[in-house]
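Below: the structure, in structure tokens.
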Amino acid sequence: MEQNAYAKINLTLEIVGKRPDGFHNIESIFQEISLCDEIEIEKNNKLDIKFIPKINAKKSTVHASAEIFFKKTRIRERAKIRIKKNIPIKSGLGGGSSDAATTLLLLNKLFNYPLKNDEIINIGETIGSDVPFFFLGGTSLVEGKGGRVRLISPIKKLYVLLVIPSFSFSTKNSYSQINGFNLDKTNSTKKLISVLEKNKYDLSKIENCLHNDFEKMYLSIDKKFKSTLRNLKQKTSKKFHLTGSGSALFALFDNISEAQQAQTKLKITGIKTTLTETR
């Protein structure tokens, strides 16, 4: 049994407050993209999980998903799971969360649906804040800690040029830093929802609403990040944006040839890129 675990980008990401449990409430529009990990699963006498290429993690989100699934269902048989990693780790593209969600869905299907949909979603929330989105995908409004997800008017098909910088950011440290950072309320999420309802075929209007509070913070405190964004715009004449808490950056294109031209300009200077599209 096989299924793709798709990545995401954040078209908006607004931090709207800190929760009593130490997490943060967000307002964000997640967009599923075609870049994906590939997961294969079959029944086995023991739990056997391998990543290709191997990742440096003793316990991944896939391990967590499988262990909770078998504990909750009390199924004695186990599974052999293989994950071909195409989504860069620690990039803000949601690879680990997508792997977790896809693993839960595949296990439930493999063992004839012992869990109901709401039980699957509840398990996902315990594994990671972004996991619930990947049960729906598409273009979705994500609120709270990440558990409130609803589909909104979908974005038109766009080509997404991803850049994976050589540096990375710690999600934990970034959320800690943003507590003391002055964030002005932009209402970018609400504005983009309105644009998608009325003008979803106008890329310029969509781009005017793109916003990420972490991007704003990094621009003010990280010289390397600031120079990277400036360099990308100089080479391609396109503005790149941060997804999640980083470090992947993306630009949106109507036309695949324009996206390919921008990719070529970056590749010849040694910048690592991936061209994908919205789903």
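Rule-based calculations on the coordinates, nothing more; no lab input. Small disclaimer: the values here were computed from a predicted structure and weren't measured. Backbone-built Cβ (ideal geometry, glycine too); neighbour counts: all protein chains shown.
Take the eigenvalues of the Cα gyration tensor for the chain, scale each by 5, and report the square roots as semi-axes in whole Å, largest first.
Values: eigenvalues 202, 89, 69 Å².
With the √(5λ) rule applied to the chain, the semi-axes are 32, 21, 19 Å.
With the helix formula -39500 (n - 2.57) applied to DSSP H stretches of n ≥ 4, the chain reaches a computed 222 nm mean residue ellipticity of -11000 deg cm²/dmol. Could you work out how much longer the chain between residue 272 and residue 117 gets when fully extended? Use 0.36 nm per residue separation minus the Cα distance between them, nm to one decimal. Contour length minus Cα-Cα distance gives 52.0 nm. Test of understanding: extend the Cα→C-beta vector of residue 43 to 7 Å, then name every residue of region 55-77 with backbone N under 11 Å from that spot. Counting backbone N atoms under 11 Å from the label point, the list is 76-77.
For region 1-58 versus region 166-195, the spacing of their alpha-carbon centroids is 19 Å. Site pair residue 55 and residue 3 shows an inter-label distance of 1.7 nm when each label is modelled 7 Å from Cα along Cα→Cβ. Projecting the Cα atoms of 144, 122, 111 onto the charge dipole of region 12-156, computed from C-beta unit charges around the Cα centre, puts 111 farthest toward the positive end.
A crude spin-label estimate for the pair residue 164 and residue 136, with each label 7 Å from Cα along the Cβ direction, gives 2.9 nm.
Set the Förster radius R0 to 22 Å, insert the Cβ-Cβ distance between residue 220 and residue 152 as r into 1/(1 + (r/R0)^6), and round the FRET efficiency to 0.05. After rounding, the FRET efficiency stands at 0.15.
Computed log10 I(q)/I(0) for region 159-277 at 0.10, 0.13, 0.19 Å⁻¹: -0.33, -0.56, -1.11, from the Debye equation with unit scatterers placed on every C-alpha and solvent omitted.
Both the radius of gyration and Dmax for region 51-114 are 12.2, 36 Å, in that order, over alpha-carbon atoms.
With the simple model of a label 7 Å out from the Cα in the direction of the Cβ, residue 197 to residue 261 spans 3.6 nm. Going from the residue with the fewest nearby Cβ atoms within 10 Å to the one with the most, 76, 230 rank 76, 230. Packing order of peptides 197-205, 95-103, highest average first: 95-103, 197-205 (average count of other Cβ atoms within 10 Å over each peptide's residues).
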